[in-house]
Each structure stands twice: as C-alpha cells, then as structure tokens.
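The values are calculated or read from the model by the stated rules, or taken from the named source; none is laboratory data. Computed from a predicted model, the values in this text were never measured in an experiment. Here the Cβ is made from the backbone with ideal geometry for all residues, glycine too, and neighbour counts use every protein chain on show.
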2 protein chains.
Amino acid sequence: MRKLLLLLLCSSFSVHAQNDEVINTQIKEIYRQVLTQGKSYDWLNHLTNQIGGRLSGSLNAERAIKWAKDELEALQLDSVWLQTVMVPKWVRGTFEYANIESSPGNTINVSICALGGSIATPSAGIRANVVEVKKIEDLALLGKDKIEGKIVFFNRPMEADLINTFEAYSGAVDQRYIGAAEAAKFGALAVIVRSLNLRLDDYPHTGVMSYGNLPINKRIPAAAISTNGAELLSSMIALNPKLRFFIKQNCKNYPEVRSYNVIAQIKGELSPEKIILVGAHLDSWDLGDGAHDDGAGVVQSMEVLRLMNSINFRPKNTIRLVLFANEENGLNGAKVYSQTVKKNKEQHLLALESDTGGFSPLGFNFDTKEKYLNKILSWKSYFSPYFIHFFGDNGSGADVSLLKSNAKVLAGLKTDPHRYFIHHHSEMDTFDQINKRELEMGAATMAALVFLTDQLGLE
Amino acid sequence: MRKLLLLLLCSSFSVHAQNDEVINTQIKEIYRQVLTQGKSYDWLNHLTNQIGGRLSGSLNAERAIKWAKDELEALQLDSVWLQTVMVPKWVRGTFEYANIESSPGNTINVSICALGGSIATPSAGIRANVVEVKKIEDLALLGKDKIEGKIVFFNRPMEADLINTFEAYSGAVDQRYIGAAEAAKFGALAVIVRSLNLRLDDYPHTGVMSYGNLPINKRIPAAAISTNGAELLSSMIALNPKLRFFIKQNCKNYPEVRSYNVIAQIKGELSPEKIILVGAHLDSWDLGDGAHDDGAGVVQSMEVLRLMNSINFRPKNTIRLVLFANEENGLNGAKVYSQTVKKNKEQHLLALESDTGGFSPLGFNFDTKEKYLNKILSWKSYFSPYFIHFFGDNGSGADVSLLKSNAKVLAGLKTDPHRYFIHHHSEMDTFDQINKRELEMGAATMAALVFLTDQLGLE
C-alpha cells in the first residue's frame, strides 16, 4: 500500500503542476508524508537528549555538527559539506549564585544566570546596594551620584498585551543587550536584568549581551534574574531601599574557535544554479537542550530535504539546507555563508528560516518585493486546509536576513507565539516541551512553500 | 493610570461604534484587559486543583456548581440562577486492572479504564482469548463462531494525516460508543477499545459508550486501553493468537440525580429580550481534573461576563452565560436549557460555546444562515491582529447545537487542534497542561465576537 502511494506520488510529482487540483493533492501528500513517516521528532530527540545544549565553541556544538553531517550523508542527498566559521567561545563555568540581603546576615536566594558574553564577578562575588530602573534612559536621569558603586537592576517587563510576543521581546531586550555597557558608564558594579519571559516563574533566561566599545577595564558583570526573583527583589527594594544584593559568577570569554555551517543539497534538474534555501541555526544556549531554539528549526529543515529525497522528487532548482553556526552570540555562520554567496554570485530564489520554536505553524513572514509577495499570496488557498493563514511582510529571520542582496524572497516560518518566551534561552527549553504533531506541521508547511516556489516559480 | 484607561474605555464603549478605527480600539482594549487583568487562569486553577474532575452526579460536580454560582454572584451581574437538570450517575469504583497472559502464569499489566456507562466485570474479572478487529463491520465478517466467548479488541487508530484532529476523532469514536453493544450481539464477553489519542503513550482515555437498546442481561463490560497498550496487545496477538486477556472493573450505574445548569446574565439596555449566549460545560470526566475539557471553556465564558461588567459595558442585548450540566454523558443540561428556551420563546442572536480545549484560538465554527455568516465574515479584519483567521461553517458545539430553532447563529470557538487528544478524557487533562496566555486569548476572542454581535447586530 505504501509503495503504491509512493509510486503515485512520484508520478504526480514528476509532472509539472498544471492546476489547483493537482497541486492540492501534492500538498496534501506532503503533509501526509511528514505526519506519518517524518523523522523530525526522532531527530530532535537525539539532538536534544543525546547531545543537548550546544553553545558555540562547546564540545556539544562540535558533536551536533558531526551528527547533522552524518545524518544528512545517510540520506544520500546530492552533496553534503561543511563551511568553516570562526565562532566566539564563552563558558558559563560553575553555577551562578545570588541572594538578597534584607539586613546583615538575613538573606534570600534568588535564581540568576550570567548573560552570554558577560565577564565574571571577582571570585568573592559582589555585594552592593541596588538601584532599580525600568529603562536605559533612567540611568542618565539618576546620574552617577545615585548609580556609582551600586548594582543596577533593570526591571521592565515584556508587555503582555502585545499579541505578537516577539514584539514584546523586541521592546524589552535592550536592557539585556546594552544594559551593562550603559550602566558601567555611570559607575555601576554589576547589572541584574529581569528575564525576558512573559510568565512569572523561577527560571532565569540568558541571551547575548554586548559591552559595545567599552574598554575591558570598565566592563561589569551582567546576569538575568527570573521573573519571580525580579518581582521579589522589586517589592523588597520598595520596603527597604538599603538592601544589598549579592552576585557571584565565573563565566569567561576565550579566543575564537573553529566551527562549521553544515550544508546539504539536492541539485536542481532545470536550473541548478538557482537555489531555494531552508535553514535554521544549529547552535543553542547552554541552559536547556535547545529544543525550541532552534533544534526544532534544524530538524524541520532537515525533514524538508529528507521528504523530497524519499519521494524521489527532482526539483527544478537546487534545494539547499543550511544549518547555521553561531546565531545566538555572533551570527558568524550567517555572515560567512552570505559572504560566500556574494563572492560566488549565487542566486537564491527563496531563503526560508525556521527560528520561532516548534509550535503550530501560522504561516510566514516575508522580506521581499511586492511582486514576489503577491505571487506567494496567490498560493494562500493551498495552505488553508492546514490552518496556515499568516503571510506577513514583517521581516524574515536573523540568519537569512543577511542574504538580502542575493535572494528574491527572504522568509521565516511563523509559529504560534504565545508559549515561546517561557522556553527561550532557559532551562525550560527542553525536548519534553515539544509536541510531535506541531513540530511536524511546521516541517510540512516549510516543505509546501519550497515545493510551490520550485514548481510554480516567483515570476 | 488604570482608572484613566477605564474611564476612556467606558466612554468609548458607551458611544455606539461608528467606524473601524473605533471598533479596532475597542477590540484591542478587550484583549488588553483579558491579557492583563483577566481572572480565567486563577478561576481554572481553583476549579481544577481545589475541586478537580467533576463527573455528572458526583460530589465534585455539586461543588463545582456551588463554586461557579458563588463566583458569578460575587461579580454582581444582573442575575445568577440555577436550572434543575436530572443527570445520570455512573461511578468508576476502584481502579480497573488488566493484563495480557501470553502463556499460563506469564502476564504483562496494561493500562485500561472503564468506558463511561459500562457495566462491571464479574468480581473475579474476565479472562478470555482476544479477537482483534479494526471496524464495527469486521464483527459480521468474523461472525459468532469466531467472537463468542472472546474479548473483542477494537484497534483502529485515529488518522494522523487528518489535519483537523476532531475529524480523526469522529472517524474512530464509533468503536468506543457502540463497540460493546455490537460485539455483544455476537456473543463477546467484553470489549477493549484503543484509546482515542493520536500519540503513543500509557494513558487510557475514557468517554461515553452506549448499549443502545440491548437488554440488560446482554450487556458486556467495555474499557479503553492506552495506545501503547493497544500496540503491545496487537503485536502479542500476532505472535500468539491464543493469548488471553484479563480485565477487571467494578464501575456501576446508579439512578439519575438532581444537578443544575448555572446561568448568569447582564441585561440588555435596548433589547433585553434578545440573548447572546456564551457557554461551556461544567461537568468533566473523572480521570483528570477537566482543565481542557471543559474547564477552559467554563472560565473563558465566565471571563466574557466579568470583563463586560468590570468595564461597565452596557450591552444592547442580554449577555447570558450558561454553564451546562452533563455534556459528557447525556447532554441533559443542554436539553433542559433548550426546552426552556423553546417554551419561553426566547430569541438568541448568537449562542457561542467553547469546548475544544484551552489552546490558542484560531477562530470559530458556525452553524447559521448564509446572510448571518456573511455579516460575521465582514468582521474578519477586526480579528486579524490576534491571529484569528478561521471562520468555518462546519457546526458549532454539542451543547449549543440544540438551540438550532431558537438562535440565528450557533458557534463554537475553534482552538488549535493538534494537542487536544493527548489530554481529552484522560489523566493528562490537568491544569499544568494549560498555558495562561493561550487560555486568555480564547476568552478575549469570545468576548470580541460577543461585543461585535451586540454592537453591530447580525442584520
């Protein structure tokens, strides 16, 4: 029975799509294959539970690259290769520790984690008074007098009433990214930043921070505090503005190390020089196992090529998978890939990224010219049986965005945003938080867009 | 600040909506209120964790009715009352037990649960050979010779490639509902039914079954087996068709008992005789705490009235909440409510139910005339900022469907369907499986449709 279906499928896929009915049948078969024969969930189980968190420069990142290359080679695609990328190496060290000292000797422990790229505290830690602010601009209003010698506590929550949680993230992430650099200018000893999480819980969320051009001797340690910890600290400061906070962390930056983008492709039959890219980033933060960010995108992208290969679909254009190195703290994988594309003058029809978690797909965000967007919008009805309805023009994704000058369409898979920031960059980003069916729906949705772009073209 | 917003809101809500901009602002405020001030999540925490599963006729069902009435009275709505409903009382008794005996004395335990309404086994249990079937029709093909004296094992999985999991459920539920009655006709001793769950796991899923008009002395026990258990049993039967299955359960049907629909309303200012109903069912199965089915719908419906009352919104039409008794195994609450509506000739503009789990809302399913559907479709753009896109015409919900002759529009909130059947009717339907934001998005989406129907009308 399965063989018969595959035969039917191959023959229908080998005839170029001529009408809606044929296309609808083909799209249905894509979803059926992924939902019943897909490998994405098993792959993600291995990547997260057998390898785990895979921060750039770590042994796990190397293991993940080897694993991905081996799995892709086992698929017998047309080619699989590695592209060298130099990446930063930052190591968390032993677990961070913090407490609130309401009066001498009277302390309450709170959950913190170092922000990625932060320096360590002195080995004895830092104990100091705290000044709570909501915005970067508050620092200048307070001035050096009120900040020097203290720990600055950035405590602006993400806005719950922004429906797209990624907007709420964008609206709050400056505290994490530049908070330390800015507070250091006013003589702060360290910064504590409220975790970028819409929910109140006990998990601190890390993420990249930058000292900008601050001289090394001016840099101060930066850590995230859980949302519950932030609420507690804020209420205790209200009761006792003289309380002291203790923080100790021993993270460290090392010189850059060699890593790789993992690339694989199925060569196009008609226009092999034209590339349709699917991709995601293989690196992750170190606190969880990177299941949603971005293990999901990795295995979904791999599934697109596995599916096409397994049904013996021969695309008109080259279908290329790129698993980018170092999205989280450098974007160096995307930089190297895009530089190579420019140098080789490679044309990308579509560059589609998945990096919003393995939740139910809603559709896509695009960065493209109006004529290409209109072409894609003409395919909307093919997606509606799958609850895929969102075709936005609000950007693509961090990695593919660098391909702007060499791609007609940049796109990002858009998944349900409501749960993402519970998991993002925290211990809560683990495989058990992934639903198999939601993950597979995302992979099938990516495959459908790749298939339509390949068969129908963008012009 | 909050007071100011409320003042602005009240004044804007008191002016009848005149244009899209005003309406968009009002809808935005509905979502903002629910996402930042909503009570649905706290209510659900109480209903599930302080009360728990609340099967019709149980003490917990009574406690839930009292709790809901008290909470609604505390909101100081225009009226709150109970409507008497006689409901079945079925009691599971001590935990069910089952094993597979591959050879005498060599047994493996498997997870089962009695189906709702089933009779008990004899107190010593039933041990017999098993005949596995996929469909009801297989029974006639096998005939009495091959079935008599055996346990019939219905093992047709839900179809994973049906995108709408509710369709997959409909396609498989006959085994559970009429499997025992049909197998009894061929002399089966008991039936075991594969749980209606798309995932492979160890949780059996209960649900209502019926003996139809089978005489009492012909009835046989019926139980669900977990999907993992079903896979194991099937593979062991393939190895050894002579294996025996042991099942023991002591559930019991009692005479009907008195229960109640809980009803509350805000009286309309212009047309109090016209009713906009929001509702859900307050009863649940007994294995979990009924968080998704249908605690979510209960607290979302309550939230619609809380919100409208808290912002002092005076609707044109009467906004009525109905928490139906006994949806799970009788629909008696909906029957009594609809009979009363008919008797009193009450007109419903809209009857909107939430009973697809507390997941991210996608939109609504409607059962209505084309002209009303077209009117509602003209409101689609008001919903699009909230990722609400689905406006189907594929039915409404079990409870409100009985109002067909007295309502212009029947509707059901449609939520993301992918995870629902992991939880449905099983131990996995618990509060910890609810995401606050997804739950609140559903409540706000219901409130928005109620608001638009009230303010803009259906004609």
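Summed over region A:292-311, the residues that are within 16 Å of A:ASP416 (Cα to Cα) and either outside the structural domain of A:ARG437 (by TED's automatic domain parsing) or not charged (D, E, K, R) (or both) give a count of 4. If you go through region A:379-413 and keep only what is in contact with a Phe, Trp or Tyr (Cβ under 8 Å, 6 or more places away or on another chain) and aromatic (Phe, Trp, Tyr), you end up with A:TYR386, A:PHE387, A:PHE390, A:PHE391. Considered as a group, the residues in region B:345-354 that are in a loop (DSSP other than H, G, I, E, B) and more than 17 Å from B:GLY412 (Cα to Cα) include one that is nearest to the other protein chains (Cβ to nearest Cβ), and that residue is B:GLU346. Where helices (runs of 4 or more DSSP H) fall wholly inside region B:130-204, the ranges with 2 or more residues that are in contact with a Gly (Cβ under 9 Å, 6 or more places away or on another chain) are B:137-147, B:174-184. Within region A:370-424, count every residue that is farther than 30 Å from A:ALA172 by Cβ and within 12 Å of chain B (Cβ to nearest Cβ). Final tally of qualifying residues: 5.
Within region A:361-377, the set of residues being crowded, with 23+ Cβ neighbours inside 10 Å and closer than 25 Å to A:MET428 by Cβ comprises A:PRO361, A:LEU362. Assessment of region B:219-236 against the conditions (at pLDDT 95 or above, among the acidic types (Asp, Glu) and in contact with a strand residue (DSSP E or B) (Cβ under 8 Å, 6 or more places away or on another chain)) yields no matching residue. Each residue in region B:130-141 was checked for being exposed (fewer than 15 other Cβ atoms within 10 Å of the Cβ) and either farther than 27 Å from B:GLU328 by Cβ or more than 30 Å from the chain's Cα centre (by Cα) (or both), and 3 of them qualify. For region A:390-409, the tally of residues that are in contact (Cβ under 8 Å) with a residue 60 or more places away in the chain, farther than 23 Å from A:GLY116 by Cβ and touching a strand residue (DSSP E or B) at 6+ places or on another chain (Cβ under 7 Å) stands at 5.
Here are some residues: A:PHE451, A:PHE431. Which one is surrounded by fewer than 24 Cβ atoms within 10 Å (Cβ to Cβ) and aromatic (Phe, Trp, Tyr)? Answer to the check: A:PHE431. Have a look at A:ASN197, A:ASN228, A:ASN164 and point out the one that is buried (at least 20 other Cβ atoms within 10 Å of the Cβ), assigned by TED's automatic domain parsing to the domain that holds A:ALA98 and not hydrophobic (A, V, I, L, M, F, W, C). It is A:ASN197. When B:GLU303, B:GLU328 are checked against the criterion of being among the acidic types (Asp, Glu) and under 13 Å from the mean Cα position of the chain (by Cα), a single residue qualifies: B:GLU328.
Checked against the criteria, A:MET236 does not count as touching a residue at least 24 places away in the same chain (Cβ under 8 Å), within 25 Å of the chain's Cα centre (by Cα) and away from every other protein chain (no Cβ under 14 Å).
Residues considered: A:SER259, A:SER210. Of these, the only one that is in contact (Cβ under 8 Å) with a residue 60 or more places away in the chain, of a type in the set (S, T, N, Q) and not in a strand (DSSP E or B) is A:SER210. Residues that are assigned to a helix (DSSP H, G or I) and in contact with a strand residue (DSSP E or B) (Cβ under 7 Å, 6 or more places away or on another chain) do not occur anywhere in region B:425-439. When region A:143-196 is limited to residues that are closer than 28 Å to B:LYS28 by Cβ and among the acidic types (Asp, Glu), the one that is nearest to the other protein chains (Cβ to nearest Cβ) turns out to be A:ASP161. Would you mind stating whether A:MET428 is in contact (Cβ under 8 Å) with a residue 40 or more places away in the chain, among the hydrophobic types (A, V, I, L, M, F, W, C) and within 11 Å of chain B (Cβ to nearest Cβ)? No; evaluated as a whole, the condition is false for this residue. Sort out which residues of region B:28-65 are buried (at least 20 other Cβ atoms within 10 Å of the Cβ), closer than 19 Å to B:PHE451 by Cα and either more than 11 Å from chain A (Cβ to nearest Cβ) or free of Cβ contacts under 8 Å to residues at least 12 places away in the same chain (or both), and write them in order of number. B:SER40, the sole residue that qualifies. For region A:314-344, a tally of residues being outside any strand (DSSP E or B) and touching a residue at least 12 places away in the same chain (Cβ under 8 Å) returns 20. The single condition among (1) in contact (Cβ under 8 Å) with a residue 12 or more places away in the chain; (2) within 24 Å of B:TYR386 (Cβ to Cβ); (3) within 14 Å of chain B (Cβ to nearest Cβ) that A:LEU307 does not satisfy is (2). Between A:SER396, A:SER384, A:SER401, the distinction of being part of a helix (DSSP H, G or I), modelled with pLDDT of 95 or more and within 19 Å of A:HIS281 (Cβ to Cβ) belongs to A:SER401 only. Of A:GLY279, A:GLY268, all but one fail to be in contact with a strand residue (DSSP E or B) (Cβ under 8 Å, 6 or more places away or on another chain), not in a strand (DSSP E or B) and not polar (S, T, N, Q); the exception is A:GLY268. When each of B:GLY363, B:GLY357 is tested for being touching a Ser or Thr at 6+ places or on another chain (Cβ under 7 Å), within 14 Å of another protein chain (Cβ to nearest Cβ) and on the phi > 0 side of the Ramachandran plot, the lone residue that passes is B:GLY357.
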